[in-house]
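Throughout, read-outs are computed from the coordinates displayed, never taken from laboratory work. Since we're looking at a predicted model, the values are computed, not measured. Counting neighbours? That spans all protein chains shown, and the Cβs are built from the backbone with ideal geometry, glycine included.
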Amino acid sequence: MRNRTNRAELVARVALNSLLLLLVVVWVIPYIFTLASSFKPQSEIFRLPIRLLPESTFTGNYEFLVTQYPYLRWYMNTILITAIQTTVSMFFCGIAGYAFAKYEFRFKKTLFMLVLISLMLPIQVLITPLFIQMARLQWLDTYRAVLIPFAVQPFFIFLMRQYMLSVPDDLLHSGRIDGCTELGIFVRIVAPIQRSAFAIVGILSFVGAWTSFLWPVIVLRSRDMYVLNVGIATMVGPYNVPYGAVLAASSLATIPIIVFFLLMQRNFIDGMTAGALKSA
Amino acid sequence: MTTRLPGWLNQKNSAPYLFVAPFFILFLSFWVYPVFYSLYLSIQRATGLGPMQFVGLDNYVRLIGDPRFLKSLANTSVFAFGSVLLQVPIGLALALAFNSTLTHRLRGFYRVAYFLPIITPGVVVGIMFSVIYEFDYGLLNQLVRSVGLDPIPWIRSPDYAMGSILLLGIWIWTGLKALYLLAGLQSIPKDYYESAVIDGASPSQQFLRITLPQLRPILMFVIIQTVIGSYALFDQVWVLTEGGPRDATLTMTMYLYEVGFQQFRLGYSAAIGYSIVFIVLGLTLVLLTAFKGLKDQA
Amino acid sequence: MRRNRVIVLAAFLTGIALAGLHASGEAEASLPEIEFWTYADNRAQWLEDISVAFEEETGADVTISVLPFAQMHDQLQSALFAGTGAPDIVDVNIYQFGRFTTGERTGFVALNDYLTASTVSDLYTSAALAPWTWEGEYYGLGNELNPTFMYYRWDLLEEAGIETPIETWEGFIEAGQQYVERTGKLFTWVEPNAWQPWFFLSMDGGGFFDESGEVAFDHELGRRVLQMMHDWIYVHEIAGIAPLDPPAQYGALGAGDYAVTFGASWYQGFLKDNVSELSGKWMMQHQPVFEDGMGSEAGAVGGTAMLITEQAADPDLAWRFISYANLDTDNLAEAFRRFNLFPTYRPMWDDPVLYQPDAYFNGQKPGEWISEAGSAIPAYNPSPYWFPIAPHFANNVLNPVVLGDMDVEQAMREGMESARALLEDY
């Protein structure tokens, strides 16, 4: 009896895992192909029969990329904007969530309702008027325009609040007795014990900022100000697409976020699923 | 650090207001104001340079008769519902596979692989797949040819284009759905299953009577999120097909962008924006009621 | 301690943030400045070189920026809308000008005063002004006479025993079939997304619009040309679907995969730049016409004009630069030498430099061909609606026919219907 179950189980295990591994290959091939092709000269990328790996390491695409396009500038812009966005998110969403969780104040219910309501509206309704506002404020083509309108996301406030609810009141109380300022309590008492909450918001912010496209492509207009996504998109036009360089650009743009992801896997996945579970 | 502030500025009372202030300042300036301004814009003719003119509901009436708008509505809706029908079952299957003891050891590895597309910028995804879907030299057609079939015009033909986008959607989002559903599965108490086994329930009975009902809230979330997210589809399609061929892959958000920021018909694009809002809110309500109905029945 | 570090990090990042928030640089100028945007590298290079003398003479500082075609026009539009960020002078493509005529203002400075002041209006053909005219105001000077030609590899055709020039489309098809038989290679190509060849081959029938500005591309010549292009591929099998992007196209030309292609005079510069190894092997001839006389020996397509934006700090200075670039014989000669740009400036037409033989074209004199063809260009009806209609035609009529998805009749009918619907909102 036992042997039969074990064998059946072994067969099932091998079968299922083989299938899943095959799927993994399918899922991962686009990345491998992109990276590998970035080291091929253009004629080698588009030819039959296809080869996955390059014949030899050709760095011409990367050279072309950084000399013909302000790619390094785009990279800098993206890093800067992402870093600022992430820090700002963590801090301002953190304290707002904390406030809603741990304080009683007039209008708290109404204000929180407003936070929830703003979650419901898709951004499509906002981009046209926001563009006009940016134009009027003369913020077009600046970092401000990318960062400020969407700096504090209601969803993160909601998430932070959920986490902050579990902070014991006694801790706050003893903080106050010790004469700590309210902000001090937040920074020195609450934040350290909510590290995973901050990590989640930070990660989600980071991913959001790094992958953002629609809003930046609307407000960023001059080449030097582009972020990576916008810059790469402009490299692909109806004419003369330098595919080698485009794939090189794409590879470089994806590497930081994949590395970051691999390092912080658990937090990443917890973060994304936390959002789902808390909302469901 | 112990500072004493004057009594009237009682920290405990003023702090919460200060803490939520940044959000609300931004909220008022860049959410409340644009929402109303957008409504105002949508009843104007605001084309090109120069003053706007009030036109009442003209823009909305035009939209109803605008073949490109209707096409984008059809495309996006097909994508939304197609995605639900495709990604949720596959995601569920994957989640069940991940949850099983058979895959225990490799689970972490699988999660990473299937999750990669979510953190990849849409533009990069579009570019990767423009090379894969390429007609003459692309990876997919090489595979197709190697099994003896004719090359498929994945993004060249309007008949196949939307299908190719749906396929792309599966690649991008199924992993995420699987992870959500996995989290849901893991939160089902094991004793439910244990008592079911004792009562002699078969695996499929367990699935239908325990798993699915327990997953309902997360399934609802996943389905609604898929539908709502679909109406925002832009990045990948923008780079891959630019809405073509012949508007076969024109999404509502792309049409909004084109009308507003290429044709500079800002009034009309505001009307498109509001139409998207109405449709999305409407669908959400319908889905929520449907789910509630199912819940009450069960 | 860890908390302090966090605070320091936060402060540091905030510092960067504040620095970043001011990073949209505004240059402070004490010299008069001219900022010029263009989308063509070869023009930019020419402008850079000729502006040296201009800078010396006027003390101005001229900056030439090259932006990709689509982005440049998009950016121009939003800069005009925002009231800031637009250049002083910009190269606006002939078919993009219509984008700017939909509102109450165009965003550009009218040149009527300048033109009458220097009596230049006598010196240009109407084709140079008409496409950039709106509501009686001239906004731009078209810079080039751009008739279209058939370019062919005379060496390959000779080898296949084909006589040139080819006078009729019927003869073209015969030649093509003979070529395919003898060499096994395709004679020419058809691009499924470029409306330009269809346009200049069927220009004599009216192009996209009729005289009253209504969309009217389903005229007889247009149908015949479209049908012919379809038949080249599917009936006579002398043509293929062109490679999708220009590098692949030039690659195919370089490899000798195609022997004939069609294009405007400015295409000559691109051939020289991209397939320089084929120097001496190309020749040009007039477009064939149908045996019954329909069609014209030349069409025209493309063109760019220099426009002054309403944000120009010194429109007079901007006009001086435009005249310098467009009305100066030395500068125009230089442009012709570099990229075969045949000027619209009449006094230049007698200059012998325009009539030098060109080694690339086997000793032919492009200038002669261009000025001759210039008189054969049919009048076409310009319209501010090029911007939506031309790509609409390409996507909805040309593309399905060339790809074999639709027949000409259906494509034209449906295309016209959707075109009319499209324009209702304009």
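Taking each DSSP H run with n ≥ 4 as -39500 (n - 2.57) and averaging over every residue of chain B yields -22500 deg cm²/dmol at 222 nm.
Taken one residue at a time, the phi angles of segment A:219-226 give Karplus couplings (6.51, -1.76, 1.60, θ = phi - 60°) of 9, 8, 10, 9, 3, 5, 9, 4 Hz. Gly and Pro are set to x. Each of C:S279, B:S130, C:S296, C:S265 has some number of other Cβ atoms within 10 Å of its Cβ, and from fewest to most they run C:S279, B:S130, C:S296, C:S265. Using θ = phi - 60° in the Karplus curve 6.51 cos²θ - 1.76 cosθ + 1.60, the 3J(HN,Hα) couplings for segment C:340-352 round to 6, 7, 8, x, 8, 7, 4, x, 7, 5, 8, 6, x Hz; x is entered for Gly and Pro.
Site pair A:V14 and B:Q214 shows an inter-label distance of 3.1 nm when each label is modelled 7 Å from Cα along Cα→Cβ.
Peptide A:26-34 shows a mean partner chain C-beta count of 5 within 10 Å per residue C-beta. Converting phi to 3J(HN,Hα) with the Karplus coefficients 6.51, -1.76 and 1.60 and the offset θ = phi - 60°, segment C:375-384 yields 7, 8, 5, x, 5, 10, 8, x, 7, x Hz in sequence order, with x at every glycine or proline. For the Cα atoms of chain A, what angle does the longest principal axis make with the long axis of helix A:124-137, in degrees from 0 to 90, nearest 10? It is inclined by approximately 80 degrees. When you restrict to C-alpha pairs under 8 Å that are six or more residues apart and normalise by the size of chain A, the relative contact order lands at 30 percent. For segment C:221-293, applying the loop criterion from DSSP together with a ceiling of 16 other beta carbons within 10 Å to the GluC sites (Glu not before Pro) yields C:E237, C:E291. For chain C, the mean residue ellipticity at 222 nm estimated from helices alone is -12500 deg cm²/dmol, where every DSSP H run of n ≥ 4 contributes -39500 (n - 2.57) and the total is divided by all residues, rounded to the nearest 500.
Relative to the longest principal axis of the Cα atoms of chain C, helix C:329-339 runs at roughly 60 degrees.
In a DSSP loop and with at most 16 other Cβ atoms within 10 Å, the trypsin sites (Lys or Arg not before Pro) in segment C:153-252 are C:K185. Does chain C come out rounded, prolate or oblate, given a ≥ b ≥ c as the square roots of the eigenvalues of its C-alpha gyration tensor, rounded meaning a/c under 1.5 and, failing that, prolate meaning a/b above b/c? Because a/c hits 1.5 or more and a/b exceeds b/c, chain C counts as prolate.
For the Cα trace of the protein assembly as shown, dividing Rg by the Kirkwood Rh returns an Rg/Rh value of 1.00. Classify segment B:36-150: rounded, prolate or oblate, from the alpha-carbon gyration tensor (a ≥ b ≥ c, eigenvalue square roots; a/c under 1.5 rounded; otherwise prolate if a/b is larger than b/c)? Prolate. Helix C:69-82 and the long axis of chain C differ in direction by around 40°, with both axes built from C-alpha atoms.
Under the classification rounded if a/c is under 1.5, otherwise prolate if a/b is larger than b/c and oblate if not, where does segment C:198-342 fall, given a ≥ b ≥ c as square roots of the Cα gyration tensor eigenvalues? Oblate shape, in that a/c is at least 1.5 and b/c is the bigger or equal ratio.
Residues whose amide H lies under 5 Å from that of C:G240, counting only those 5 or more places away or on a different chain, are C:T188, C:W189, C:V190; hydrogens are built 1.01 Å from N in the peptide plane.
Distant-in-sequence amide contacts of C:E33, defined by a placed amide H-H separation under 5 Å and a gap of 5 or more residues or a different chain, comprise C:D61.
A simple packing score, the average count of other Cβ atoms within 10 Å per residue, orders the peptides B:223-231, B:248-256, B:285-293, B:52-60 as B:248-256, B:223-231, B:52-60, B:285-293, with the highest score first. Close amide-amide hydrogen proximity is noted between C:Y138 and C:L111, C:N112, each under 5 Å apart and 5 or more residues distant or on a separate chain (H modeled in the peptide plane; Pro and chain starts excluded).
The residues neighbouring B:A201, those whose beta-carbon lies less than 13 Å from its own, together hold a net charge of -1 under the Lys/Arg +1, Asp/Glu -1 convention. How large is the Kirkwood hydrodynamic radius of chain B, in angstrom, based on all distinct alpha carbon pairs? Final number for the Kirkwood radius of chain B is 23.0 Å.
Residue by residue along B:235-245, Cβ atoms of other protein chains within 10 Å of the local Cβ number 4 on average. Overall, chain A carries a charge dipole of about 560 debye about its Cα centre when +1 sits on the Cβ of Lys and Arg and -1 on the Cβ of Asp and Glu, all other atoms neutral.
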